[in-house]
Amino acid sequence: MGFLDSIKKMFSSREGEDRASLSKKVQSSPNDPQARQKLGIFLMRQGEVVEGLDQLARSAVLYEKDGFATKAIAVLRQMLKHDPGNNDFQKWIIRLLAQEGLSADAQAEVRKVATEPGRFSSDEQRLDFFRQTAEYLPRNPLPRMYICDVLRGQKKLLEAVNELEKAAPSTVTTGMYPEFGERLKSLVVLSHGDLAVIEPCGFLWVSVGMLEEGIALLERVVESVEQSGDAWRAGEMREVIDAVRSGWDVLSARAFSFAEARTRLAEPAVDEHFPTSPGDPRWTPSAAEKPQAASGETGYQEEDSIVRSALGRLQAKVQEEIGDTDLEARYNLGIAYKEMGLLEEAVMEFRLAMKRADLLVGSSSLLADTLSEQGDLDAAAAVLEEVLAAGGISDEERRDLRYHKAVLLSRGGREEEAREIFQALYGEAPEYRDVKARTERYRS
């Protein structure tokens, strides 16, 4: 089914009532996430996947902003059923799960993505995904381990080691020793004896409590230095190994090389371990513990980007299958945009549709509504005045437009102008709509 056919289908007589009812709720309460969710589900069932996902995405945004993250998660699960390969949706749900303290569920989502073949078109896309999820899960080593896997595959071994250094503290707290150890072993094998890789790997083994494995690697480094004839440097290294054997905490010191270890060991004892009590005036949260400044705002920006991406796909299909020739389709598209809350796009569509005589009244009325929603009451009134002044419309249509203008003016607080129009309409047709009740309110 072509896009034009799908637009017409949205407004078919058989489905009109259902869609009209759902759309009316969205139009009357654009910030009601449940209304948008229902409309999104309806559109998905009708095969309007792009538009349906857009509505569901907006619903999830509203749920999250209203503080109902669990409902936003439920909506995202619906979205992922229809678009399981969407990495933006996947990152979004991982972030929400992490924020809600559902770390096990968030971790399961990360694992699922990592094991899906063909999920990413490039290593850079894969790295970007796991780097973002690492920010959402600062106390979980898994995203860092997956970043390590990508870098290891690219033979960027030192960068891979650096990711494991970041993952070491959370490996200890979560107990993910087997997965951490598996990656360390593979890096040592791939290094082919490169001491620049073996040295930090040795300290990493020690940092997670695998003393024997770590010291074995560190001894290899020291032996190589001794063979080079640098006995003084080798002696310093052995002092570090002795400190490690005596229980010196490599992880707390964040020392992953002999040079770093010598520096930390030389520091005064009072500074060797950073204060860990928030009550201590010297205490400073680590980067992983610092509050994520404006994280909510960043999340909303990401979500807006997702919505805009869906809109871009929709607009591309419009230009491809409709163009500017079918003004009725553009009129219907304007209504769809308005229901989605895409007011700027709706304005453009309604202005186009006004070029067709039989759509002039309906398009101008909807355009005025949309401009009013944007806060431009003067422009809304001007649109209706333009049509009223142009002629070529029936008396009934003229009365409808005047009434519409009065309603908009009243909503905008311009009661004197509105009253003048309502009273004039009452004088012409006392039974027209609710003009009698409105004029009586002005008299009271």
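No value in this document is a laboratory result; all are computed from the given coordinates. Just so we're clear, the structure is a prediction, and the values are computed from it rather than from any experiment. Quick reminder, even Gly has a Cβ in these numbers, built from the backbone with ideal geometry, and neighbours come from all protein chains shown.
Quick notes on this one:
- Ascending count of other beta-carbon atoms within 10 Å, so fewest first, for Ser28, Ser191: Ser28, Ser191
- Using C-alpha pairs under 8 Å with a sequence gap of at least 6, the mean separation divided by the residue count of segment 376-421 gives a relative contact order of 37 percent.
- Span from the segment 138-206 Cα centroid across to the segment 327-360 one, whole angstrom: 56
- Peptides 245-256, 424-435, 114-125 ranked from most to least packed, by the mean per-residue count of other Cβ atoms within 10 Å: 245-256, 424-435, 114-125.
- Segment 327-443: relative contact order in percent, alpha carbon pairs under 8 Å with at least 6 residues between: 15
- Cα centroid separation - segment 27-105 against segment 221-249, whole Å: 56
- Exposure proxy order (Cβ contacts within 10 Å, fewest to most) of Lys166, Lys81, Lys338: Lys81, Lys166, Lys338
- Using a Förster distance of 41 Å, the FRET efficiency for Ser228-Arg139 (Cβ separation, nearest 0.05): 0.50
- Global form of segment 327-443, assessed from the alpha-carbon gyration tensor, a/c cut-off 1.5: prolate
- The Rg/Rh ratio of segment 4-144, with both radii computed over alpha carbons and Rh defined as the Kirkwood radius, is 1.05.
- Computed over segment 118-169, relative contact order equals 30 percent, with contacts defined as Cα pairs under 8 Å that lie 6+ residues apart.
- Backbone geometry of segment 115-122 corresponds, through the Karplus equation with coefficients 6.51, -1.76 and 1.60 at θ = phi - 60°, to 3J(HN,Hα) couplings of 9, 7, x, x, 5, 10, 7, 7 Hz, x marking Gly and Pro.
- Out-of-range pairs (alpha-carbon distance over 24 Å; input Lys24/Lys65; Lys71/Lys166; Lys38/Lys65; Lys25/Lys91; Lys81/Lys156; Lys355/Lys436): Lys71/Lys166; Lys25/Lys91; Lys81/Lys156; Lys355/Lys436
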